[in-house]
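Asks: Dumping the structure here so I can ask a few things about it.
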């Protein structure tokens, strides 16, 4: 599981940063990519990566401000034009359905794949055998969501050498043992699967927050996360401005990570007022509260855990 930042700026595109979009790459785990937000020119950013639009399985929209959704109609259309046929689901706050359907209808864009749109509120919004996704309402000027992407516990690794030492032949029985099922061999032996597997491995947790002030829900969503992706629109000196505009500072993002017990913090949604030279100070402000911290840049890829 990796995070690829397609856009890391706030509000409007800049020379150094495009507006917000993040790819959660799970190619090894499920052969798919999930997007969080889709700001203007997200599909242009994808051209500079190895991502394939047809691999995008789900898109999670945090809120309906333009810098988070204006790239969505174009991406949906391009996915179809480029031969994407697999279903795609878009999750987002109430209003996302009207935005998508109106954009596609007015532009007469006809998709060649099934598109599902789910307007969501708080709680678990998706679950399957390997993953569940939780959404929570943040503190922003409009309805804004944060998402917690949590892998389910993975079975322990099979101790193949021990199996061979005990003359347990390979085959379907190995799969049953790995899944924790008791097995009776043809010679009558009853196999305890716990003897032949390591302890189960906890799944990875990634939390991506939409635009927000500091709030308790952000802490809950980020609890014990392997990686917290948090907006940091302003530097620490501009705490009043951050509050007035329903955003966070670098220091506030770090405080949330510390309170949540997150393992790592990545700052994004950086205002265009800050230059590359300013980033050192932005990083220091967060590191004074919490470590490790990374400031995201466009096309930066970060492994989870």
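Asks: Indicate the gyration tensor shape class of segment 147-305 (rounded, prolate or oblate), computed on the Cα atoms with a ≥ b ≥ c the square roots of the eigenvalues: a/c under 1.5 is rounded; otherwise a/b larger than b/c is prolate and the rest oblate.
Replies: Because a/c hits 1.5 or more and a/b exceeds b/c, segment 147-305 counts as prolate.
Asks: Can you give the direction-averaged projected area of the convex hull of the alpha-carbon atoms in the chain, in nm²?
Replies: Reported value for the Cα convex hull: 18.2 nm².
Asks: Which three extents, in angstrom, do the Cα atoms of segment 217-275 have along their principal axes, listed largest first?
Replies: 31, 22, 14
Asks: Rounded if a/c is under 1.5, else prolate if a/b is larger than b/c, else oblate: which is segment 173-257, with a ≥ b ≥ c the root eigenvalues of its Cα gyration tensor?
Replies: The shape class here is prolate.
Asks: Still on this structure, I have one more. Among the DSSP beta bridges whose two residues both lie in segment 1-87, what percent are antiparallel, rounded to the nearest 5?
Replies: Within segment 1-87, antiparallel bridges account for around 65 percent of the total.
Asks: A further question follows. Volume per residue, Å³, of the convex hull around the alpha-carbon atoms of segment 76-149?
Replies: Roughly 105 Å³ of hull volume per residue.
Asks: Another question about this same structure. Provide the descending list of Cα extents for segment 46-116 along its principal axes, expressed in whole angstroms.
Replies: Rounded to whole Å, the extents work out to 29, 25, 18 Å.
Asks: Let me know the volume per residue of the alpha-carbon convex hull for segment 115-178, in Å³.
Replies: Considering the Cα atoms of segment 115-178, their hull volume per residue is 124 Å³.
Asks: While we're here: Based on the Cα coordinates of segment 1-103, what is the per residue volume of their convex hull in Å³?
Replies: Convex hull volume per residue, Cα atoms: 97 Å³.
Asks: Please report Rg over Rh for segment 25-167, where both radii come from the alpha carbon positions and Rh follows the Kirkwood definition.
Replies: 1.09
Asks: Mind checking which of 75, 221, 27 has the largest fluctuation in a GNM of the chain, springs on alpha carbons under 10 Å?
Replies: So, out of 75, 221, 27, the one fluctuating most is 27.
Asks: Suppose only helical runs count, i.e. DSSP H with n ≥ 4. What mean residue ellipticity at 222 nm does that imply for the chain under -39500 (n - 2.57) per run, divided by all residues and rounded to the nearest 500 deg cm²/dmol?
Replies: Counting only the DSSP helices, I get -6500 deg cm²/dmol.
Asks: Okay, moving on. Looking at the chain only, what percent of DSSP beta bridges run antiparallel? Nearest 5 please.
Replies: Rounded to the nearest five, the antiparallel share is 55 percent.
Asks: Another question, if that's okay. Place the peptides 188-194, 147-153 in order of packing, highest mean first, counting for every residue the other Cβ atoms within 10 Å and averaging per peptide.
Replies: 147-153, 188-194
Asks: For a quick protection proxy, order the peptides 137-143, 252-258, 174-180, 62-68 by their average other-Cβ count within 10 Å, most packed first.
Replies: Put in order of decreasing packing, that is 252-258, 62-68, 137-143, 174-180.
Asks: Could you sort the peptides 285-297, 11-23, 119-131 by per-residue average Cβ neighbour count (10 Å cutoff), highest mean leading?
Replies: Per-residue Cβ counts within 10 Å, averaged per peptide and sorted highest first, yield 11-23, 285-297, 119-131.
Computed from the coordinates by the stated procedures, all read-outs in this text should not be read as laboratory data. Predicted model, so just to flag it, every value in this text is computed and none were measured. No Cβ is skipped: glycine too gets one built from the backbone with ideal geometry, and neighbour counts run over all protein chains shown.
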